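Student: Before anything else, here's the structure in question.
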Amino acid sequence: MQKITLNVYRFDPDLDQEPYWKSYELPGREGVTVLEVLFEVLEHHDGSLAFRYSCREAICGACAMYINGSHRLACKTQVSHLGRVLWVSPLPHMRVIKDLVVDMDPFFEKYKLIKPYLLSNSKPPEKERYQSPDERRYIDEMISCILCGSCYSSCPSVWTGEHYLGPAALMWAYRFTADGRDEGDAERLNLTAQEGGLWRCHTIFNCTEACPKNINLTHSIQQLKKKAAARVLGGK
Amino acid sequence: MNGMKGVWAWLGQRVSGVVLVFLLGIHLWVLHFVDPGAGVVFQGVAIRLRSVFFIVVDLALLAFSLYHGLNGLRTVILDYSISEKAARKLTWVLTAVGVAAFVYGALGLMAFLSV
């Protein structure tokens, strides 16, 4: 198979004055993924290349990167879909720790802020907290989120507003308010319907476009806005 | 307790947007389509602004467009994560600008009533 040219963003804050692109000519093969190409560099060319990965099957979200102009998961991106020249850089607009590794702390701090777990004051039932198949189906898409940070990195409101909660945190807040077993609607709306929260989303749809799991985050955020509006208008 | 903030501003922007579509519709229709041959001249405006209907429509257009524009500007500035204190000041300044512009515009609109 033809060779692959990998251009990868390199930056070590301890050694480099500024970031630079490094090119590698690598052997191609049928079915190779971008993550495997990065491993090829790590194992045979340059052991100092830094990148995150874990599951290698698109369920952990660790290997989200900016690949040939789009947010993608390196592990599920086939090189053959991109041509023979690859441009791989870290998630844009995030602080680079080294090479392809970015600081995810702000993202996870904001995610934790919306209390992404069941809030309920009622006594747990003897058997289970029942959820109908229809109710489960409604949150199906949202719970496929793997917290990779692609949406957060792609959002212009995040770029300009460092305190903005970001698409993932807001989508998760809606995911819980849309869950019949959860009783934390008021609490989560108070946390998210703030000037640095919901209202900084201007339905730009970058998050939805960037999501490697094809989640319509913008829709969820809009639904949460509607819930906040319904609450002040005297609805539930 | 309701600790939500910014809901009314968001809701107001949507409502004023929808109202503006109708008011601008009336405005454009009257100015450009009722009599396409007629240019906008002083006498025509003076006659129109002696009708209570047009004054009400234009006052509403003035109020809603000022609200929509200034609230939109506030939204743009808030996108840059300014402090809560600065945001409060900004709201007051924009409200004052809006009220002053409305009073000035309203006086102009009603100038022909007493003629």
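The values are calculated or read from the model by the stated rules, or taken from the named source; none is laboratory data. Keep in mind that what you see is a predicted model, and the values were worked out from it rather than measured. Neighbour counts are summed over all protein chains in view; Cβ atoms, including those assigned to glycine, are modelled from backbone coordinates with ideal geometry. Each accessible area value is taken on the protein alone, full model and side chains, heavy atoms only, with ligands, DNA and RNA left out. Shrake-Rupley method; radii C 1.70, N 1.55, O 1.52, S 1.80 Å.
Student: Kindly establish whether residue B:72 is within 14 Å of chain A (Cβ to nearest Cβ) and either closer than 21 Å to residue B:107 by Cα or not acidic (Asp, Glu) (or both).
Tutor: yes
Student: Is it the case that the range A:201-220 has a residue that's touching a Phe, Trp or Tyr at 6+ places or on another chain (Cβ under 7 Å), under 21 Å from residue A:146 (Cα atoms) and open to solvent by less than 10 Å² (accessible area, probe 1.4 Å)?
Tutor: Looking for residues that are touching a Phe, Trp or Tyr at 6+ places or on another chain (Cβ under 7 Å), under 21 Å from residue A:146 (Cα atoms) and open to solvent by less than 10 Å² (accessible area, probe 1.4 Å), one finds at least one in the range A:201-220, hence yes.
Student: Could you tell me whether residue A:149 is of a type in the set (Gly, Ala, Ser) and at the interface with another protein chain (Cβ under 10 Å from one of its Cβ atoms)?
Tutor: No, not satisfied.
Student: Can I ask one more? Could you list, in sequence order, the residues of the range B:25-43 that are within 20 Å of the chain's Cα centre (by Cα) and open to solvent by less than 90 Å² (accessible area, probe 1.4 Å)?
Tutor: Those that are within 20 Å of the chain's Cα centre (by Cα) and open to solvent by less than 90 Å² (accessible area, probe 1.4 Å): B:25, B:26, B:27, B:28, B:30, B:31.
Student: Let me ask something additional. Taking the range A:161-192 only, how many residues are within 14 Å of another protein chain (Cβ to nearest Cβ) and either under 13 Å from the mean Cα position of the chain (by Cα) or of a type in the set (A, V, I, L, M) (or both)?
Tutor: Count: 7.
Student: Hey, among the residues in the range A:215-235 that are touching a residue at least 40 places away in the same chain (Cβ under 8 Å) and farther than 13 Å from residue A:193 by Cβ, which one's farthest from the other protein chains (Cβ to nearest Cβ)?
Tutor: Across the range A:215-235, the extreme among qualifying residues is A:215.
Student: Kindly indicate whether residue A:195 is within 14 Å of chain B (Cβ to nearest Cβ), assigned to a helix (DSSP H, G or I) and over 20 Å from residue A:211 (Cα atoms).
Tutor: Criteria not met by residue A:195.
Student: Just one of B:98, B:105, B:12 is within 14 Å of another protein chain (Cβ to nearest Cβ), part of a helix (DSSP H, G or I) and modelled with pLDDT of 95 or more; which is it?
Tutor: B:12
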